[in-house]
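Engineer: Quick one: the structure is below, and I'll ask about it shortly.
The values are calculated or read from the model by the stated rules, or taken from the named source; none is laboratory data. Quantities reported herein were computed from a predicted structural model and do not represent experimental measurements. Please note: Cβ atoms are built from the backbone with ideal geometry, for glycine as well, and neighbour counts cover all protein chains shown. When the accessible area is computed, the model is the full protein with side chains, heavy atoms only, and any ligands, DNA or RNA have been set aside. Shrake-Rupley method; radii C 1.70, N 1.55, O 1.52, S 1.80 Å.
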Amino acid sequence: MNITILNGDMSDTSGDFSAYIQKLARKLREEHRVNLFLLNQMNIQHCSGCWNCWWKTPGRCNTNDDAEQVLRAVINSDFVIFASPLMAGFVSSLLKRMTDRFVGLLHPYIEMRNGESHHIKRYPHYPDFGVILAKEPDTDEEDLAIVRDIYDRFALNFHAQQRYLKCIETSNVKEVVHETSHYQRVAEA
Amino acid sequence: MKLAIINGSPRRKKSNSKILIERFLKGYYRECTDEVPVHYLAGQKRKEEALSLFEQAETVLVVFPLYTDCMPGMVKEFFEEVSKPGIIRPRRIGFIVQSGFPEAIHSVYVERYLAKFVKRLKREYLGTVIRGGVEGIQIMPPGMTRKLFSHFEELGRYFAEHDEFSPEIMEVLRKPYTLSGRRRMMFNLLKHTGLTNFYWNSHLKKNGAWEKRFDRPYENAQP
């Protein structure tokens, strides 16, 4: 299975969170092909909202930065892991900045799905994903529910499913590896 | 400074958010002559200016487009900045979220986040105005935007008078929450005519990109 991990940790990536993600990548590599992106070591610009990726160079973002390698990895993956410590109650602006650039992976045309309007697929396959967070001192269940629900909405638009949302304080690496690998078995069944 | 507005659209002065803010202020100035500064988050050094505004105003409204089901990355960056210790914060904070999707349902999830965010800052939450169907307003004939603009002007006028969003106008603006069965049926009938994609197709053709509209540039070649 091809797995892409987007680590949106904005610290120097030597802290507990990034150590957890490094360990997770190492364990997953024992059975899978893993692409780990440390976003804070990459040049990722904000989406400018130009829509060139929709109406000028369909599917291709013209911003000259490192986002293309992430987009390529994501759309060719079987599974994606969005990883970030919570900051002000949501994933980091760095991870959000990268996710904003996903817009060109979809087509601008709209279809009716689940009784709502959503963008149609550009690619035949979109990877399901998991979310891994680190809590802030004041994180509560409501915060986690908000993040989970927003990612469920994202999944709906991204033609995918959110398979899990984990916090490093309550889920060890072994558990996340098991759930990610178990997903493979479900997908292959 | 009584009120300040922060425009969180990456498109800055070409944004639909700017148009809605202008309509809001047109109504606002009918009742109040206090100048309302508007700052953009996009662009060099803009964050510092917005931060300064945040520290000086009694009330701040943050206006942004929905990006991948949430706030744009640059708005989140701003939220992280103002969450840091030592930042002076306005007494009251409200939001206007606009999106290209016609239904409000797409934006109500980020609304929950915004309410919690203001609570975390220990400030008064003024609510979130949600409006869908905004993409394309810059090329729509005046007849198609008259009602929308009039609602935003009234929203601004009411805000100047009462220091809060009008609950009635907020309710009107967030309609439709979901599309009615009749509207969905109409969409499904019209999609075969190409009318539902007229906006996108006209841009694709103008840019000579029509033939490439289904390209998959990032797909790996199959072995």
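Engineer: Taking the conditions exactly as written (open to solvent by 10 Å² or more (accessible area, probe 1.4 Å) and more than 10 Å from chain B (Cβ to nearest Cβ)), does residue A:116 satisfy them or not?
Structural biologist: Here the answer is no, as residue A:116 does not meet what is asked.
Engineer: Cβ-Cβ under 7 Å, sequence separation 6+ or interchain: first residue in segment B:182-203 and more than 9 Å from every other protein chain (Cβ to nearest Cβ), partner in a helix (DSSP H, G or I). Which pairs?
Structural biologist: Qualifying pairs under 7 Å: B:190/B:196; B:194/B:201.
Engineer: Only one residue in B:158, B:125 is more than 9 Å from chain A (Cβ to nearest Cβ), touching a residue at least 24 places away in the same chain (Cβ under 8 Å) and open to solvent by 70 Å² or more (accessible area, probe 1.4 Å). Which one?
Structural biologist: One residue alone meets the criteria, B:125.
Engineer: Working only within segment B:54-69, note down all residues that are β-branched (Val, Ile, Thr) and more than 22 Å from residue B:23 (Cβ to Cβ).
Structural biologist: B:68
Engineer: Tell me which residues, restricted to segment A:59-74, are touching a residue at least 60 places away in the same chain (Cβ under 8 Å) and facing another protein chain (nearest Cβ under 7 Å).
Structural biologist: Once the filter is applied, which keeps residues that are touching a residue at least 60 places away in the same chain (Cβ under 8 Å) and facing another protein chain (nearest Cβ under 7 Å), segment A:59-74 yields only A:59.
Engineer: Is it the case that segment B:23-45 has a residue that's in contact with a helix residue (DSSP H, G or I) (Cβ under 7 Å, 6 or more places away or on another chain), crowded, with 22+ Cβ neighbours inside 10 Å and closer than 20 Å to residue A:99 by Cα?
Structural biologist: Scanning segment B:23-45, I find at least one residue that is in contact with a helix residue (DSSP H, G or I) (Cβ under 7 Å, 6 or more places away or on another chain), crowded, with 22+ Cβ neighbours inside 10 Å and closer than 20 Å to residue A:99 by Cα, so the answer is yes.
Engineer: List every residue pair whose Cβ atoms sit under 8 Å apart, with the two residues 6 or more apart in sequence or on different chains, where the first one lies in segment A:10-23 and is outside any helix (DSSP H, G or I) and the second, anywhere, is exposed (fewer than 13 other Cβ atoms within 10 Å of the Cβ).
Structural biologist: That search, which allows pairs on different chains as well, returns A:13/A:41.
Engineer: Among the residues of segment A:49-63, what is the count of those that are open to solvent by less than 40 Å² (accessible area, probe 1.4 Å), closer than 20 Å to residue B:13 by Cα and in a loop (DSSP other than H, G, I, E, B)?
Structural biologist: The qualifying residues number 2.
Engineer: Which residues, counting only those in segment B:98-110, are surrounded by 18 or more Cβ atoms within 10 Å (Cβ to Cβ) and either modelled with pLDDT under 95 or not in a strand (DSSP E or B) (or both)?
Structural biologist: Hits for segment B:98-110 are B:99, B:100, B:101, B:102, B:103, B:104, B:105, B:106, B:107, B:109, B:110.
Engineer: Out of B:180, B:150, which single residue is within 21 Å of residue A:116 (Cα to Cα), among the small types (Gly, Ala, Ser) and open to solvent by 50 Å² or more (accessible area, probe 1.4 Å)?
Structural biologist: B:180
Engineer: Can I ask one more? How many of the residues in segment B:79-116 are free of Cβ contacts under 8 Å to residues at least 40 places away in the same chain, closer than 24 Å to residue B:178 by Cβ and of a type in the set (D, E, K, R)?
Structural biologist: Summing the residues that are free of Cβ contacts under 8 Å to residues at least 40 places away in the same chain, closer than 24 Å to residue B:178 by Cβ and of a type in the set (D, E, K, R) in segment B:79-116 gives 3.
Engineer: A further question follows. Could you grab me the full set of residues in segment A:134-157 that are under 15 Å from residue A:99 (Cβ atoms) and either in contact with an Asp or Glu (Cβ under 9 Å, 6 or more places away or on another chain) or of a type in the set (Asp, Glu) (or both)?
Structural biologist: Hits for segment A:134-157 are A:150, A:151, A:152, A:153, A:154, A:155, A:156, A:157.
Engineer: Sticking with this structure for a sec: Taking segment A:75-106 on its own, how many of its residues are surrounded by 21 or more Cβ atoms within 10 Å (Cβ to Cβ) and facing another protein chain (nearest Cβ under 7 Å)?
Structural biologist: 11
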